[in-house]
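Scroll down for the structure; my scribbles are underneath it.
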Amino acid sequence: MDVVSSEKRSAMMSNIKSRNTRPELEVRRVAHRLGLRFRLHRRDLPGTPDLIFPSRRTAIFVHGCYWHRHFGCKYAYNPKSNVEFWQNKFQSNVNRDLRVRRELENRGWKVITIWECETKDQKMIADILFQKVCDAAV
Ligand SMILES: [Zn+2]
């Protein structure tokens, strides 16, 4: 039996490219509190990053653990039915993420992924932003 009901799954499906999700809002809230200047969803950049910090040429993607396959994460579980279908779908998501990262890096951007499971803890978000956006020790 799948862990998620089909109803929930279709909601998750439709969330793949949705914006302004709870994890995104958490990251923005913390970035704002830290006084970092950011912009949202720049469509002129590959992959339309969720946040960018223009002065630091840094882009952030806030990724759902399930859809983007957070390695080793309990939320990146495998569906029990239609296995091949889902594996293909996951693989194309992962491939796209890699391609987008490379394109941004080729343009001189630093790319950071924040996983949904990490956004449950504001201290963890703050640590990630400090270390990876500000290049500061925590
Ligand atoms: Zn995760």
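Only a single item in (1) within 14 Å of the ligand (Cβ to nearest atom); (2) modelled with pLDDT of 95 or more; (3) not acidic (Asp, Glu) is not met by residue 67, and it is number (2). Quick check: anything in segment 43-56 of a type in the set (Gly, Ala, Ser), closer than 20 Å to residue 127 by Cβ and either surrounded by 15 or more Cβ atoms within 10 Å (Cβ to Cβ) or within 14 Å of the ligand (Cβ to nearest atom) (or both)? The answer is no; no qualifying residue exists. With respect to the stated conditions, residue 59 is modelled with pLDDT of 95 or more, away from the ligand (no atom under 16 Å from the Cβ) and in contact with a Phe, Trp or Tyr (Cβ under 7 Å, 6 or more places away or on another chain). The residues of segment 75-117 that are within 16 Å of the ligand (Cβ to nearest atom), free of Cβ contacts under 8 Å to residues at least 24 places away in the same chain and exposed (fewer than 15 other Cβ atoms within 10 Å of the Cβ) amount to a single one, 78.
The values are calculated or read from the model by the stated rules, or taken from the named source; none is laboratory data. It should be emphasised that the depicted structure is a prediction, and the values quoted were computed from it without experimental measurement. Cβ: placed from backbone, ideal geometry, glycine included. Neighbour counts: every protein chain shown.
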